[in-house]
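Notes to accompany the following structure.
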Amino acid sequence: MTRIILITVFIFFSFMINAQKNSISKNINNLSFNLLKKINVENENVLISAYSISSALAMTYLGAKDSTKLEMKKVLFPNINNSVNKHFYELNESLGFNKRLQLFTANALWLQNTYELEKEYGKLIKEDFNSEIKTADFSNNKGQKKARKEINSWVEKTTKGNIPDFLAPRVLSESTTLVLVNAIYFFSKWNVKFTEANTYKAEFKTHHKDTAECDYMTDTSNLLYYSDDLLSAVEIPYENNEASMIILLPKNTSINLSDSINSLYFRKIYSRFTNEKVALHLPKFKLESEYELSTYLKELGLVSVFNSSADFSGITGKKEIHISNVLHKAVIEVNESGTEASAATAVITSRSVGVDEGSKPIIFKADHPFIFLIREKSTGTILFMGNLAKPTVESKQ
């Protein structure tokens, strides 16, 4: 039995609802909340990109047949009634990976050199996923080392040097047939800059009522805000107002918020945002997360793809391959830096009424565990999502 190794990688650096435009965004957002709920452990930081994970799995889905394809569709793409690859093509075109937003994605495939891709499969991943197609020799130790070096070099280049040496030794083996990689890089400044001189130190309370000192950025401005009995939420726009960070802050500091919300709840929150004067206090943080996702995906119902009953014959024409690993690594940094751009600020103020210096602001202090997400506005796609349990550098395997 041979195997596929599936890797998704992204890097995000940030210096600090509209209706869904297509159904693929809805599927990605559902996976974001579902995976966060599975992965989230009390008092642990979490960081994922369901967009990256979905992209890599979608390339595999293209080669799935019969019951394997039905299972993947049910778990990953239940709202798609036609070709998933075309939906991803349209989504990526809408996202417009451009220098203004500084959002870049890339796909690549490494195939054991004794196999050949089915012509239709190779055509589709080139056309719809813009994927590079490469060959490697996984059959011996020398070839595995060479392939690992090449894959890691590709990931490091795509993520602007921020994820070096991603693929660990001994992940590749003589039974490896295929390695699929999606990498995404995002860099953005805040639409309105946090003043570094206003940053101050204060305590952050964890789930276990321990405290840790951290740096809080602060600013008072008009922001989109929501509050109910469970949580408060605020949207912080990035430069050009094309993407934003949304903070979901539970009112009960002892609960695990990911157990209580889903994508439907989030859509309700976003539809009920109102413009308010908000005094925002947000911790600076830097996180690193690394996951082998197969266990979590199995818990969501994706089971047969990981065993010998899988049928991915649409990839190589052979039924003898299955997915062995889904590896995912993420990095995020949030601090004060940003650029005041008048055009972008005008966009913000067009949605608000300006700050009334005489009014009393709503205090939004994220001083206990919260969920954060990065949302691209034109499509409504959640690109990145996480849980901040403690604002420190975190490495998890």
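Go through the range 24-96 and tell me which helices (runs of 4 or more DSSP H), entirely inside it, have 3 or more residues that are closer than 18 Å to residue 376 by Cβ.
Working: elements: 50-61, 66-76, 84-95.
Where helices (runs of 4 or more DSSP H) fall fully within the range 24-96 and carry at least 3 residues being closer than 18 Å to residue 376 by Cβ, they are 50-61, 84-95.
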Open item on the list: Tally up the residues in the range 187-201 that are assigned to a strand (DSSP E or B) and more than 20 Å from residue 248 (Cα to Cα), please.
Closed with: 5
Open item on the list: Please pick out the residue among 318, 360, 365 that is at pLDDT 85 or above, among the basic types (Lys, Arg), out of contact with any helix residue (DSSP H, G or I) (no Cβ under 9 Å at 6 or more places or on another chain) and within 30 Å of residue 103 (Cβ to Cβ).
Closed with: 365
Open item on the list: Filter the range 289-317 down to the residues that are buried (at least 19 other Cβ atoms within 10 Å of the Cβ), within 20 Å of residue 176 (Cα to Cα) and small (Gly, Ala, Ser) and list them by number.
Closed with: 304, 310, 314
Task: Complete set of residues in the range 296-340 that are assigned to a strand (DSSP E or B) and charged (D, E, K, R) - done: 329, 333
- [ ] With the condition kept exactly as written, say whether any residue in the range 257-265 is farther than 28 Å from residue 113 by Cα, of a type outside the set (Asp, Glu), buried (at least 19 other Cβ atoms within 10 Å of the Cβ) and in contact with a Ser or Thr (Cβ under 6 Å, 6 or more places away or on another chain).
- [x] no
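Of all residues in the range 52-68, which are within 17 Å of residue 31 (Cα to Cα) and over 21 Å from the mean Cα position of the chain (by Cα)? If you could, list the steps in order and put the result at the bottom.
So in the range 52-68, the residues within 17 Å of residue 31 (Cα to Cα) come out as 52-61.
None; the set is empty.
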Open item on the list: Would you confirm, using the coordinates I've provided, whether residue 137 is surrounded by 21 or more Cβ atoms within 10 Å (Cβ to Cβ), assigned by TED's automatic domain parsing to the domain that holds residue 306, modelled with pLDDT of 90 or more and over 19 Å from residue 305 (Cβ atoms)?
Closed with: no
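Within the range 1-23, how many residues turn out to be part of a helix (DSSP H, G or I) and modelled with pLDDT under 50? Even if it seems obvious, please write down each step before you answer.
At the first step, the residues of the range 1-23 found to be part of a helix (DSSP H, G or I) are 23.
Narrowing further to those that are modelled with pLDDT under 50: none.
Looking only at that region, the number is 0.
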Open item on the list: Can you list residue pairs whose Cβ atoms sit under 8 Å apart, with the first residue in the range 116-137 being over 15 Å from residue 55 (Cα atoms) and the second being of a type in the set (Lys, Arg)? Count only pairs 6 or more apart in sequence or on different chains.
Closed with: 133/126; 136/146; 137/146
Task: Residue check for residue 297: closer than 23 Å to residue 47 by Cβ and under 16 Å from the mean Cα position of the chain (by Cα) - done: yes
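Please tell me if residue 192 is closer than 30 Å to residue 142 by Cβ and not aromatic (Phe, Trp, Tyr).
Numbers: closer than 30 Å to residue 142 by Cβ: no; not aromatic (Phe, Trp, Tyr): yes.
So residue 192 fails the test.
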Task: Residues being at pLDDT below 85, loosely packed, with under 14 Cβ neighbours inside 10 Å and over 30 Å from residue 64 (Cα atoms) - total across the range 169-225 - done: 3
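Per-residue answers, yes or no, for (1) in the same structural domain as residue 38 (by TED's automatic domain parsing); (2) not in a loop (DSSP other than H, G, I, E, B):
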| residue | (1), (2) |
| --- | --- |
| 170 | yes, no |
| 182 | yes, yes |
| 203 | no, yes |
| 214 | no, yes |
| 217 | no, yes |
| 221 | no, yes |
| 225 | no, yes |
| 233 | no, yes |
| 247 | no, yes |
TODO: Select from the range 122-134 the residues that are touching a strand residue (DSSP E or B) at 6+ places or on another chain (Cβ under 8 Å) and either crowded, with 16+ Cβ neighbours inside 10 Å or basic (Lys, Arg) (or both) and list them in ascending order.
DONE: 122, 125, 126, 129, 131, 134
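The values are calculated or read from the model by the stated rules, or taken from the named source; none is laboratory data. For clarity, every value in this text was computed on a predicted model and none was experimentally measured. Cβ: placed from backbone, ideal geometry, glycine included. Neighbour counts: every protein chain shown.
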